[in-house]
Amino acid sequence: AEDIREFPPNFLWGGAVAAHQLEGAYQEGGKGLSIADLFTLGSKDQPRKITSTIEDDKYYYPNHQAIDFYHHYPEDIKLLAEMGFKCFRTSIAWSRIFPNGDETEPNEAGLKFYDDLFDECLKYGIEPVVTLSHFEIPLHLVQEYGGWRDRRMIEFFLRLAEVCFKRYHHKVKYWMTFNEINNQTNFETAGHLYTNSGIIPTAGENREKLMYQAAHYELVASAQAVTLGHDIDPDLQIGSMIAMCPIYPLTSKPEDILFTQRAMQTRYWFSDVHANGFYPEWLLKFFEKKHFDMDITTADLAALQVGTVDYIGFSYYMSFTTKYAGHEDFNEEYDLVENPYVKASEWGWQIDPVGLRYALNWFTDRYHLPLFVVENGLGAVDQLTEDHKVHDDYRIKYMHDHITQMKKAVLDDGVDLMGYTPWGCIDLVSAGTGEMSKRYGMIYVDEDDHGNGSLNRYRKDSFYWFKNVIATNGAEL
Ligand code: BG6
């Protein structure tokens, strides 16, 4: 039977997006180029290319136009309000505020855009939830400094954080520092080092070392931003953002269990540092073993200790499975196996609603902090009918099953959950593939993978379904 209990009062129902995946207008309002502007269209089997200059004649760059939210946002926020959103998660395009990233003065037109956007949300009682860095590092910082290879990035990021906290703290209470900071656990895939850290490894470079060093600088920057934000306004809630794909052992063989533990340590040491304020023991030993001569100062360690996060925001799409691979250390590129008990999406993501309840309990046991599910959803191909409907029962089922598990975690297991913002509440450009056809939205945007279409917005069946979920505070799923 259906579980008709409600979520706690003030539960933040909403949806999530990221600036570069929906705003478009990539050169308007004084915006500088970001790394996302150099990412070509890819597909499930063909990774997106990173070009060093824009080669419009050869490639299509989907983030340049995206869904043109920059010009459509009043209409879009109105639709989100109609669904009953309590909050809306987006990010700040860093290069709108600091076009090159290393200026000392911000770009007023960029700041004004987010003022207007946040005002539009607040007009409907929608609380903005804002990520400071979501895969959109200013290109200049990559070309001039090599991205997060360089310690000076901490200073540039803090400048962004300070400007944003000071300007918006009356409008925005909920913040996150770095989106999915742990994607780069898979440093073998060039895309992750680029999107997380703006790093393009050269041939023969030790990518693993590069990743740990960049992540260290990001964690210090994040901790200092938390401290700074609280100094500016003690009411701000500043969290981390982790991509949670719990890793299961394929069997109960002790070697599989131990290896899985190392796999989880390897993927989640980032949140250990964010939440605990210090490096886990195994990782310090790992650096020694690998002879990684890390640039970690005592001042850094002190900053990590004081700047722990207020909550843990995380995305949840899927779970992973591993088995002992005959070596001690887990490598995400090579050591994952298929889980025979779960089905995958069209893009090969292993759908596992129960894993969400597991994840919520795992985080709670480990950190005892409030949690926020800031992304979840199903990327699928939708069919727009002639009368402009989308019958996306597969999406409704996905969300229904995940919210059901979330409800058990909150009401039966006592997890302190702040809210739920499903990903891409309005269709947008896929981060992984650049496609429009990998859709997550409850609002359909008429646009194909190459940017053709009217850009009209249409309500999908999931729009009406989610509207009722929010109206009943999760009692009716
Ligand atoms: C997360 C990101 O990785 O998942 C988003 O934070 C991204 O930016 C989302 O869009 C879904 O992934 P994809 O590759 O299907 O767009």
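For this structure, a couple of remarks:
- Qualifying residue in the stretch 306-323 (condition: at pLDDT 95 or above, part of a helix (DSSP H, G or I) and at negative phi): yes
- Cβ-Cβ contacts under 6 Å between residues 6 or more apart (or on different chains), taken from a first residue in the stretch 4-16 that is closer than 17 Å to Tyr124 by Cβ to a second residue that is more than 16 Å from the ligand (Cβ to nearest atom) and assigned to a loop (DSSP other than H, G, I, E, B), are listed as Leu12/Lys86; Trp13/Lys86; Gly14/Phe85; Gly14/Lys86.
- Looking only at residues of the stretch 337-350 that are outside any loop (DSSP other than H, G, I, E, B) and more than 16 Å from the ligand (Cβ to nearest atom), we find that the one that is surrounded by the fewest Cβ atoms within 10 Å (Cβ to Cβ) is Lys343.
- Options Phe135, Phe165; residue that is modelled with pLDDT of 95 or more, crowded, with 21+ Cβ neighbours inside 10 Å and assigned to a loop (DSSP other than H, G, I, E, B): Phe135
- Top-ranked residue in the stretch 36-45 [being touching a residue at least 24 places away in the same chain (Cβ under 8 Å) and either part of a loop (DSSP other than H, G, I, E, B) or away from the ligand (no atom under 13 Å from the Cβ) (or both); ranked as surrounded by the fewest Cβ atoms within 10 Å (Cβ to Cβ)]: Lys44
- Scan of the stretch 236-258 for residues that are surrounded by fewer than 23 Cβ atoms within 10 Å (Cβ to Cβ) and within 30 Å of His170 (Cα to Cα), ordered by number: Leu236, Gln237, Ala243
- Test: residue in the stretch 197-219 that is buried (at least 18 other Cβ atoms within 10 Å of the Cβ), of a type in the set (Ser, Thr, Tyr), within 16 Å of the ligand (Cβ to nearest atom) and not in a loop (DSSP other than H, G, I, E, B): yes
- Residue-level check: of (1) closer than 20 Å to Ala18 by Cα; (2) surrounded by fewer than 22 Cβ atoms within 10 Å (Cβ to Cβ); (3) out of contact with any Ser or Thr (no Cβ under 9 Å at 6 or more places or on another chain), Ile470 misses just (1).
- Count of the stretch 269-284 residues which are surrounded by fewer than 14 Cβ atoms within 10 Å (Cβ to Cβ) and of a type in the set (Asp, Glu): 1
- Candidates in the stretch 6-22 are the residues that are part of a loop (DSSP other than H, G, I, E, B) and within 13 Å of the ligand (Cβ to nearest atom); of these, the one that is nearest to Gly414 (Cα to Cα) is Val17.
- Among the residues of the stretch 351-386, those identified as within 16 Å of the ligand (Cβ to nearest atom), within 24 Å of Pro128 (Cβ to Cβ) and either without any contact (Cβ under 8 Å) to a residue 40 or more places away in the chain or not aromatic (Phe, Trp, Tyr) (or both) are Val373, Val374, Glu375, Asn376, Gly377.
- Pick from the stretch 270-288, criterion touching a residue at least 40 places away in the same chain (Cβ under 8 Å) and aromatic (Phe, Trp, Tyr), ranking: nearest to Ala215 (Cα to Cα): Phe270
- Residue pairs meeting the criteria (Cβ under 6 Å; at least 6 apart or on separate chains; first without any contact (Cβ under 8 Å) to a residue 40 or more places away in the chain, in the stretch 176-187; second within 11 Å of the ligand (Cβ to nearest atom) and not hydrophobic (A, V, I, L, M, F, W, C)): Gln184/His192; Gln184/Asn196
- If you filter the stretch 395-441 down to residues that are crowded, with 19+ Cβ neighbours inside 10 Å and charged (D, E, K, R), you find that the one that is nearest to the ligand (Cβ to nearest atom) is Lys438.
- Matching residues, the stretch 442-461, being touching a helix residue (DSSP H, G or I) at 6+ places or on another chain (Cβ under 8 Å) and within 16 Å of the ligand (Cβ to nearest atom): Met442, Ile443
- Checking each residue in the stretch 23-35 for being under 19 Å from Tyr194 (Cβ atoms) and either touching a strand residue (DSSP E or B) at 6+ places or on another chain (Cβ under 7 Å) or part of a loop (DSSP other than H, G, I, E, B) (or both) picks out Tyr26, Gly32, Leu33, Ser34.
- Matching residues, the stretch 3-28, being touching a helix residue (DSSP H, G or I) at 6+ places or on another chain (Cβ under 6 Å) and either under 26 Å from Asp448 (Cα atoms) or hydrophobic (A, V, I, L, M, F, W, C) (or both): Trp13, His20, Leu22, Glu23, Gly24, Ala25, Tyr26
The values are calculated or read from the model by the stated rules, or taken from the named source; none is laboratory data. Nothing here was measured: the structure is a model prediction, and the numbers come from that model. With ideal geometry, Cβ positions are generated from the backbone for all residues, glycine too; neighbour counts draw on all protein chains shown.
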